[in-house]
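> For reference, the structure I am asking about is given below.
The values are calculated or read from the model by the stated rules, or taken from the named source; none is laboratory data. Predicted, not measured: the structure shown is a model, and the values here were computed from it. Ideal geometry is used to build each Cβ from the backbone, glycine not excepted, and the neighbour counts take in all protein chains shown. Protein only, heavy atoms only, side chains kept; ligands, DNA and RNA dropped before computing areas. Shrake-Rupley method; radii C 1.70, N 1.55, O 1.52, S 1.80 Å.
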Amino acid sequence: MDRCIVLVDAGYLLGAAASLLAGEPSRSRITVDHTALIHGLREQAESDTERPLLRIYWFDGAPDRVPQPEHRRLRVMPRVTVRLGALTRSDGRWAQKGVDAAMHAELTELARNRACSDVVLVTGDGDLLPGMMAAKEHGVAVHLWAVQAADGDYNQSEDLVAEADERRVLDRTWITKAVRAKELGGICAPPPAPRPEIAAILSAPPESSLSATAERPAEERPHPAAAAARGGVEERMPAKGVPTPKDLAALRAPGAHAAQHPTTATLRWSSDKGWVDRP
């Protein structure tokens, strides 16, 4: 039959695309427009083989082989058939199980039944080499497609490359028609502005005790005699609003707290003769 069939290893296609665009093979780092991707695969296959497309087989892994949302979208598209293998987690990494075997079985069955004249393989796994050779023996032309390698080297089995009848590299320009790298970085929000009253307090210079005393009303200012009775402590207080340890040490120096009594003060103490008052 003069028709072409495309067999896609989704793990290879999307993993290699993630390496190319995002720098690591994690499919969570990319977003995929599956409609555009299927359209691009069909258009490219019909152009390369010069044959109409019969079908695209999409091979992928899924936990417990349960279709994921992307698989449900794909399998309702025209001329797309989804085949699922198992997806297991080992050593912190996800691995597909049974996908290569399913691709091998489908490839050999299609070639044996002469369902197509050309088959396009989008894969890099050397386990498909026996199926590729069997298809060639049944007269099927095998086209091997690769995703452009991020490091410029091959990301396919050398044996597959050697046995393929035709080979094509899907470069960055082709891939970015349907695949995009996710933007992980974001713009940091500016720090919140302080409340106006707090900003005013923080920006105000410290007031000296002298200026505070000068601004108080006359009735609130201490009398000079009362200030003298306190030992002139206010005169030794620093001009700063908050005394430093040095200032406090000066206040604790000998004679710093000696009381200065007025001339009319009287001392009183007790003795065996009673209370004695002396000026």
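> Using the basic label-point model (7 angstrom from Cα toward the beta carbon), what is the R3 to H39 distance in nanometres?
For the pair R3/H39, the computed spacing is 2.3 nm.
> Taking a quarter of the surface of the Cα convex hull of region 21-135, what do you get in nm²?
Value for region 21-135: 8.2 nm².
> Using alpha carbons only, how many angstrom separate the centre of region 140-165 from the centre of region 18-81?
18
> Roughly how many Å² of M77 are accessible to a 1.4 Å probe, to the nearest 10?
Accessible area, nearest 10 Å²: 40 Å².
> Can I ask one more? Treating the beta-carbon of each Lys and Arg as +1 and of each Asp and Glu as -1, no other charges, what is the dipole magnitude of region 41-132 about its Cα centre, to the nearest 20 debye?
420
> Further question: Computed FRET efficiency, Cβ-Cβ of E163 and D48, R0 22 Å: what is it to the nearest 0.05?
Using R0 = 22 Å, I get an efficiency of 0.80.
> A further question follows. Going by average Cβ neighbours within 10 Å, how do the peptides 48-54, 14-20, 148-154 rank, with the highest at the top?
14-20, 48-54, 148-154
> Next question. When you count, for each residue, the other Cβ atoms within 10 Å and take the mean per peptide, how do 128-141, 162-175 rank with the highest first?
Highest-to-lowest ranking by the protection proxy: 128-141, 162-175.
> When ligands, DNA and RNA are left out and all protein chains stay put, how many square angstrom of accessible area per residue does region 1-105 have with a 1.4 Å probe?
50
> If you count the DSSP beta bridges with both ends in region 7-134, what percent of them are antiparallel, to the nearest 5?
Close to 30 percent.
> What is the sum of charges, Lys and Arg at +1 and Asp and Glu at -1, for the other residues whose Cβ falls under 13 Å from the Cβ of R180?
Value of the local net charge: +3.
> Using 1/(1 + (r/R0)^6) with R0 = 25 angstrom and r between the beta carbons of W94 and D171, what's the FRET efficiency to the nearest 0.05?
For R0 = 25 Å, the calculated efficiency reads 0.40.
> How far is it, in nm, from the label point at N113 to the one at E137 when both lie 7 Å from their Cα along the line to the Cβ?
Roughly 2.0 nm, to one decimal.
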